[in-house]
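S.K.: Dropping a structure here in structure tokens format, bear with me for questions.
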Amino acid sequence: MIYLDNNATTKPSDAVVQAMERALKEAWANPSSVHRAGQAARREIDLARAQIAQLLGGVSARTITFTSGATESINLAIRGVLVAMPPTKRTIITSPIEHEAIRDLCVALQGELDAFAVKHMPVSREGVVDASALESLIDESTGLVSVQWANNETGAIQPVDEVARICKVRKVLFHSDATQVIGKLLMPSELQCDLLSCSAHKFHGPKGVGVLHVREGLGIRPQVWGVQELGRRGGTENVPGIVGMGAAAREAIAWLADERNREAVATLRDQFERGVLQRVEGSVVIGTGADRLWNTTNIAFPHLEAEALLMLLSESGVAASAGAACSSGSLDPSPVLLAMGVPEPVAHGAVRFSLSRETTAQEIDNAIDIVARCVAKLRS
Ligand code: PLP
């Protein structure tokens, strides 16, 4: 299988699998126990926390809370901040191109939280939020701004620096869903956001473990009560998962240190786009005008159903996705693409191909050929 669905999840690396196996066999004690076995498990967690803090640009390890993944981190960040705010400050400003974890949470909070309100920043045709609109959207009711670092469907990198600068000046908290960038981009040495969410399985770590970074000095209300993780997230820690995330962080730090690694995959992604555009008449790449993640391309085959194409691709040995993985199986076009103004017949035929640091030139050559043949077959 040529696996081009790395924004949905990545394959755990050999080092990650080995580290987790070792943790399961040797660090199985409860990290809260005072005996030596418990303390050995605690040290494993501390080590992983330090590695992840380094991957996040060198934040303090104390700012890292382990969760079950980005979805939980996002829920903890947004609920944890807004519940603690007075009802007069419960407006969130976000964007229509966020992951469902945020979009659906905002819908749910409308029925749950007194005086909760949502405002949306506008998005360009390239899939980039308009940070300048934030100035006029922020008012005294704003409790939090939440903008993703990069989009999971198009790879468009968002103007987080500018959003962070405005939030700082206007004294509003800023959360960024950085799930698609952690392990893919070097983080600035001083993170400008107050809260940041990410997940291990997007950078060759295991599923079911993630992190919420909360700037030092900022209090948030836990959503799962208990003593662990400084009281921020109760529950005995997922030691093998955390160890796996730490190992994945260590590998990502080494890989990111050499810029040529990213350039090499970006070149493969560009070759893939060029090859498909040449071979498939009428195909279009969505959001090319944006600064994009090196691994992502979203190519539309207008008037085809993406689901039909995905199934044929899968039978022919290529794994890809339509929009967000979680919405696969639904015939609705991606709300993210619609929010960018992509016309419905085009959005219906949009397929996301996402490479990884393991994708090879041979795989890309073969994938171009397979995509061209599958589209031709469906069209005929
Ligand atoms: N945010 C973004 C941008 C994502 O791409 C994903 C995963 O698809 C998530 C959040 C949710 O991550 P998790 O699967 O770890 O809950």
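The values are calculated or read from the model by the stated rules, or taken from the named source; none is laboratory data. Everything quoted here is computed from the prediction, not taken from an experiment. All Cβ positions, even for glycine, are placed from backbone atoms using ideal geometry, and neighbour counts span all protein chains on display. With ligands, DNA and RNA removed, areas are computed over all heavy atoms of the protein, side chains included. Shrake-Rupley method; radii C 1.70, N 1.55, O 1.52, S 1.80 Å.
S.K.: In the range 185-208, which residues are charged (D, E, K, R) and either outside any loop (DSSP other than H, G, I, E, B) or open to solvent by less than 10 Å² (accessible area, probe 1.4 Å) (or both)?
M.R.: The answer is Lys202, and nothing else.
Yes/no matrix, rows are residues, columns are (1) outside the structural domain of Thr360 (by TED's automatic domain parsing); (2) under 16 Å from the mean Cα position of the chain (by Cα); (3) free of Cβ contacts under 8 Å to residues at least 60 places away in the same chain; (4) part of a loop (DSSP other than H, G, I, E, B):
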site	(1), (2), (3), (4)
Ala23	yes, no, no, no
Ser32	yes, no, no, yes
Ala40	yes, no, yes, no
Arg43	yes, no, yes, no
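S.K.: Give me the pairs, please: first residue somewhere in the range 157-171 and under 27 Å from Thr297 (Cβ atoms) and basic (Lys, Arg), second residue anywhere and open to solvent by 40 Å² or more (accessible area, probe 1.4 Å) and at pLDDT below 95, beta-carbon distance under 6 Å, and either six or more positions apart or on two chains.
M.R.: none
S.K.: Just the residues that are within 24 Å of the chain's Cα centre (by Cα) and either modelled with pLDDT under 95 or away from the ligand (no atom under 16 Å from the Cβ) (or both), please, taken from the range 122-144.
M.R.: Pro122, Ser124, Arg125, Glu126, Asp130, Ala131, Ser132, Ala133, Leu134, Gly143, Leu144
S.K.: Quick one: is Val284 open to solvent by 40 Å² or more (accessible area, probe 1.4 Å), under 23 Å from Gln158 (Cβ atoms), modelled with pLDDT of 95 or more and more than 16 Å from the ligand (Cβ to nearest atom)?
M.R.: It is true that Val284 is open to solvent by 40 Å² or more (accessible area, probe 1.4 Å), under 23 Å from Gln158 (Cβ atoms), modelled with pLDDT of 95 or more and more than 16 Å from the ligand (Cβ to nearest atom).
S.K.: Would you check if there is a residue in the range 15-35 being of a type outside the set (Val, Ile, Thr), within 27 Å of Ser321 (Cβ to Cβ), open to solvent by less than 70 Å² (accessible area, probe 1.4 Å) and in contact with a strand residue (DSSP E or B) (Cβ under 7 Å, 6 or more places away or on another chain)?
M.R.: No - not one qualifying residue is present in the range 15-35.
S.K.: Could you list, in sequence order, the residues of the range 62-75 that are crowded, with 24+ Cβ neighbours inside 10 Å and assigned to a helix (DSSP H, G or I)?
M.R.: Ala70, Ser73, Ile74
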